[in-house]
Amino acid sequence: MSKIGHNKPPSDASDVGGGKLGRGKWLRVRKPLSQRFAEKVSVNPITGCHDWTGCISSGYGQISSEDSKPVLAHRVAYEMAYGPIPEGLHIDHLCRNRRCVNPEHLEAVTVLENTLRGALGIVTRAKASLQTHCKRGHPFSPENTGIDHRGHRFCRACQSDAIRRHQKQNHAHRMEMQRTRRAEQRAAR
């Protein structure tokens, strides 16, 4: 991003680079992303994490991209090390430290895998493994348990009941609509 100031160079002109445009105006030139990125990393010798020291948003490091849009620092680190993030994948912190931008601690995974690896996924899996019956009392047996597209299990008996209820309601609604139409047709004659 270029910013034009008047009369004097910015106090940090040597730091950001810049040049005089003429007639007392200065052009502020932004450092390359890789240089700005490297200045905001502190290596933790104990954990091996590269802790982000710049802006933090929701626990994750954040930096302005080349076009001045905010981007997550761990995504920038992954892309600088390995190239573009494959479509549909998220970046998982293997070290569980959201501020870490060490490419060796980052892995591209599906949303489901990322969730299951996280603390919430561990708690959810632990609770689900202890549950032997669904909320309506049907047992979670191999014949009665299904797995949906998100990897969550469901009770087949409850699903069948829900489909039957929906079909019955839908049938009743269609019959009511037909009665209404017939009554309107008779009234129109």
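Spot the failing condition for ILE163; the list is (1) more than 33 Å from the chain's Cα centre (by Cα); (2) in a helix (DSSP H, G or I), and only one is missed.
Just one mismatch for ILE163, condition (1).
Out of the range 78-111, which residues are surrounded by 14 or more Cβ atoms within 10 Å (Cβ to Cβ) and either among the charged types (D, E, K, R) or assigned by TED's automatic domain parsing to the domain that holds GLY151 (or both)?
Passing the criteria: GLU79, ASP92, ARG98, ARG99, GLU107.
Checking ALA73 against (1) out of contact with any Asp or Glu (no Cβ under 9 Å at 6 or more places or on another chain); (2) surrounded by fewer than 17 Cβ atoms within 10 Å (Cβ to Cβ); (3) without any contact (Cβ under 8 Å) to a residue 40 or more places away in the chain; (4) small (Gly, Ala, Ser): exactly one of these is not met. Which one?
With (1) out of contact with any Asp or Glu (no Cβ under 9 Å at 6 or more places or on another chain); (2) surrounded by fewer than 17 Cβ atoms within 10 Å (Cβ to Cβ); (3) without any contact (Cβ under 8 Å) to a residue 40 or more places away in the chain; (4) small (Gly, Ala, Ser) applied to ALA73, the lone miss is (2).
Quick grid of which residues meet (1) touching a helix residue (DSSP H, G or I) at 6+ places or on another chain (Cβ under 8 Å); (2) closer than 30 Å to ARG117 by Cβ; (3) without any contact (Cβ under 8 Å) to a residue 40 or more places away in the chain:
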position: SER129; (1), (2), (3): no, yes, yes
position: SER141; (1), (2), (3): no, yes, yes
position: GLY151; (1), (2), (3): yes, yes, yes
position: SER160; (1), (2), (3): no, no, yes
position: ARG165; (1), (2), (3): no, no, yes
position: GLN178; (1), (2), (3): no, no, yes
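Please go through the range 73-97 and pick out each residue that is modelled with pLDDT of 95 or more and of a type in the set (Lys, Arg).
Matches in the range 73-97: ARG75 only.
Based on what the data block shows, is THR110 under 30 Å from GLN159 (Cβ atoms) and under 20 Å from the mean Cα position of the chain (by Cα)?
For THR110, the condition - under 30 Å from GLN159 (Cβ atoms) and under 20 Å from the mean Cα position of the chain (by Cα) - is met.
Residues of the range 35-64 being loosely packed, with under 13 Cβ neighbours inside 10 Å and under 18 Å from the mean Cα position of the chain (by Cα), which ones?
Passing the criteria: SER57, SER58, GLY59.
Looking for something assigned to a helix (DSSP H, G or I), surrounded by 10 or more Cβ atoms within 10 Å (Cβ to Cβ) and in contact with a Lys or Arg (Cβ under 9 Å, 6 or more places away or on another chain) - is there at least one such residue anywhere in the range 172-181?
For the range 172-181, residues assigned to a helix (DSSP H, G or I), surrounded by 10 or more Cβ atoms within 10 Å (Cβ to Cβ) and in contact with a Lys or Arg (Cβ under 9 Å, 6 or more places away or on another chain): absent.
Please go through the range 142-160 and pick out each residue that is of a type in the set (Ser, Thr, Tyr) and either assigned to a strand (DSSP E or B) or assigned by TED's automatic domain parsing to the domain that holds VAL111 (or both).
Scanning the range 142-160 gives a single hit, THR145.
Return yes or no: is GLU184 surrounded by fewer than 14 Cβ atoms within 10 Å (Cβ to Cβ), outside any loop (DSSP other than H, G, I, E, B) and at pLDDT 95 or above?
So GLU184 does not fit the description; no.
The values are calculated or read from the model by the stated rules, or taken from the named source; none is laboratory data. Computed from a predicted structure; not experimentally measured. Cβ: placed from backbone, ideal geometry, glycine included. Neighbour counts: every protein chain shown.
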